[in-house]
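Here's the structure, in structure tokens; my notes come after.
The values are calculated or read from the model by the stated rules, or taken from the named source; none is laboratory data. If you're wondering where the values come from, they're calculated on a predicted model, not measured in any experiment. Ideal geometry is used to build each Cβ from the backbone, glycine not excepted, and the neighbour counts take in all protein chains shown. In case anyone asks, the SASA skips ligands and DNA or RNA and just uses the protein heavy atoms, side chains included. Shrake-Rupley method; radii C 1.70, N 1.55, O 1.52, S 1.80 Å.
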Amino acid sequence: MVTTDPADPVRHWPLAELVVRTPRLELRPDDDAGLAALADRAIDGVHPADEMPFLEPWTDDAGDPGFARGILQYAWRCRAEIVPTRWSVNFLVREAGRVVGMQTLAATDFGVLGEVRSGSWLTRSVQGRGLGTEMRHAVIGLAFDHLGARAARTSAFADNVASRRVSEHLGYAPDGVEHHVRRGRAAVLLRSRLTPETWRRPAWTAEVDGLGPCRELLGAPITP
């Protein structure tokens with residue numbers, strides 16, 4: 001819970017107490033020590049060099065001395081800009097205490113629209129084990145069951161088969177296409193949409209702690 005100790009900065013930043021747990025994973029909003037560990041993992045690789053799953057090709061800078069610093073700066077910027085009408089929470093994903101990826105949950109005017117967006121990535125060393133599906137289920141459960149979201153959106157390039165399979169597994173439906181320039185070439189981005197009714201729930205239920213004090217910051221209804 002958020003403390004009342006005037007010397008404790010957590011009392012001013014309720015997200016520091018938020019945690020979502022699944023059978024194998026723990027997701028917490030980013031902290032500096034965790035971001036540093038994540039940056040180290042990212043240097044080791046996120047995807048094959050001949051692929052680009054991201055709209056912004058940030059991983060192309062992996063050989064740059066400032067690459068790791070850029071990961072921290074991006075997360076700090078997102079954290080600093082969180083307000084009830086526009087927020088992007090970057091959850092650090094940990095397996096057995098080790099940071100293995102990032103799962104983002106974001107929204108604009110959530111209190112009015114009730115919609116969230118998601119994006120994620122895992123370090124290559126843990127890919128192919130279903131963790132991407134598990135961490136997406138975690139934030140979708142947070143959004144639908146605890147924040148009262150009415151829809152969730154995501155997108156993936158047409159050639160990003162792994163991400164699209166995760167979306168299909170959860171029950172997302174096609175929601176249009178976009179055309180973008182990626183590494184100087186045209187690429188098709190496929191949008192998808194999920195609702196509480198179409199979500200294919202896993203056999204487990206995510207455990208969420210510390211959400212109460214975060215509701216105001218996320219523009220979510222305050223529950224008794």
- Kindly report the accessible area of the range 69-196 per residue (heavy atoms of protein chains, probe 1.4 Å, no ligands, DNA or RNA), in Å². 47 Å²
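Quick check: net charge around LEU190, other residues with Cβ under 15 Å of its Cβ, Lys/Arg +1 and Asp/Glu -1?
Working: positive: ARG117, ARG153, ARG164, ARG165, ARG182, ARG191, ARG193; negative: ASP159, GLU168, ASP175, GLU178.
My count for the surroundings of LEU190 gives +3.
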- Message: Using each residue's phi in the range 196-203, evaluate 6.51 cos²θ - 1.76 cosθ + 1.60 at θ = phi - 60° and report the 3J(HN,Hα) Karplus result to the nearest Hz, with x for Gly and Pro.
- Response: x, 6, 9, 5, 8, 5, x, 5
- Message: Using alpha carbons only, how many angstrom separate the centre of the range 100-141 from the centre of the range 199-224?
- Response: 14 Å
- For a label point 7 Å along the Cα-to-beta-carbon line of ARG200, residues of the range 113-153 with backbone N under 14 Å: 133-134, 137
